[in-house]
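Undergrad: Quick one: this structure, given as structure tokens, is what I'll be asking you about.
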Amino acid sequence: MLSARRATPRWSLGNGLVQDWSYATPMQRLSRLQVGASSSPGLHVDRSYSYDAVGNGSSIVDNRSSNSQSFDYDHCDRTCPTKRRGRSVGSC
């Protein structure tokens, strides 16, 4: 997951597309990533990211397809994918 520290909010790609990042406060974690034309930024990629209370990534949602992936953490703070496309894929 990315942090907003010293990051640019938009890149213009060589193929005419733009990549936009949005960040959530107070920890300045990536909240949304979009890739597309300037007029429709999420045309090709549109993903949202959420975090738990201590800043660990808790989910990634593909806003174009409504697919999602959730994460859980074990006692050593290691990430474990717990749900993908609404189905359980294991636990910590």
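The values are calculated or read from the model by the stated rules, or taken from the named source; none is laboratory data. Everything numeric in this text was worked out from a predicted model, so none of it was measured. Quick reminder, even Gly has a Cβ in these numbers, built from the backbone with ideal geometry, and neighbours come from all protein chains shown.
Undergrad: Under the condition of being exposed (fewer than 12 other Cβ atoms within 10 Å of the Cβ) and of a type in the set (S, T, Y), which residue from region 1-34 is modelled with the lowest pLDDT?
TA: Out of the qualifying residues, it is T8.
Undergrad: For region 41-49, indicate whether the set of residues that are surrounded by fewer than 12 Cβ atoms within 10 Å (Cβ to Cβ) and modelled with pLDDT under 90 is non-empty.
TA: Narrowing region 41-49 to residues surrounded by fewer than 12 Cβ atoms within 10 Å (Cβ to Cβ): none.
Checked region 41-49: no residue is surrounded by fewer than 12 Cβ atoms within 10 Å (Cβ to Cβ) and modelled with pLDDT under 90.
Undergrad: Can you pull out the residues in region 21-69 that are over 20 Å from R10 (Cα atoms), over 11 Å from the mean Cα position of the chain (by Cα) and not in a loop (DSSP other than H, G, I, E, B)?
TA: Matches in region 21-69: N67 only.
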